[in-house]
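Working notes, structure below.
FYI, it's all coordinate maths here, none of it is from the lab. Everything numeric in this text was worked out from a predicted model, so none of it was measured. Neighbour counts run over all protein chains shown; Cβ positions are idealised from the backbone, glycine included.
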Amino acid sequence: MSMVSQVPDIKLAYLLERCTEVDGCLLWAGETRGGRPTATIKNKTVQIRRVVWSLANERRLDPSRCPRPNCGHALCVHPDHLDEEERMAPFAGVSRTIDVRARISATLRARSQVDESVVQAIRASDEPQHVMAGRLGLSKQYVSRVYNFETRVDYSQPFAQLRGPL
Ligand SMILES: [Zn+2]
């Protein structure tokens, strides 16, 4: 008994009949559930991508993994466009999401470490902002925003905001 026999008995032709080919993608035109391509076979909901993945890879996909389209089409079921991902991953871009989160918190941490004397130095300096940014290990955008009083405005000094560059 091959591993594929554990996969719901769906013929490739059945699947392909229910897809529209668009730009090399196979977009599922059948039913969906929670935004995922599904079919109802013998009163059971079958995840089409899981079936396609299993047919293409000749093995069952580990239940903790999920096949997700990497082509940007939420309904694509093309076997070459499916990546295995952790089941809990909410979107195809989850690894990027984590990366973005890490970068945002690193940036916020770096900013909060910029103490007031550095802020004053940025505003008092005649150095070009990109030179200053490089020297201080800050982003050019951040230095520019500090310089232009768009951030790190000291509200304890009500007139500080008015002392922007002339
Ligand atoms: Zn695709």
- [ ] Rounding to the nearest 20 debye, state how big the charge dipole of the stretch 6-61 is about its Cα centre with +1 on each Lys and Arg Cβ and -1 on each Asp and Glu Cβ.
- [x] 380 debye
Task: For peptides 25-38, 48-61, sequence by mean Cβ density within 10 Å, most packed first - done: 48-61, 25-38
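Among rounded, prolate and oblate, which fits the stretch 9-58 when a ≥ b ≥ c are the square roots of the eigenvalues of its C-alpha gyration tensor, a/c under 1.5 means rounded, and a/b larger than b/c means prolate?
Since a/c reaches 1.5 but b/c is at least a/b, the shape of the stretch 9-58 is classed as oblate.
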TODO: Using Cα positions and a limit of under 30 Å, work out the lysines in reach of LYS11, with same-chain residues fewer than 8 apart set aside.
DONE: LYS42, LYS44
Open item on the list: Just to be sure I understand the model, the point goes 7 Å from the Cα along the line to the Cβ. What's the resulting ILE10 to ARG60 distance in nm?
Closed with: 1.6 nm
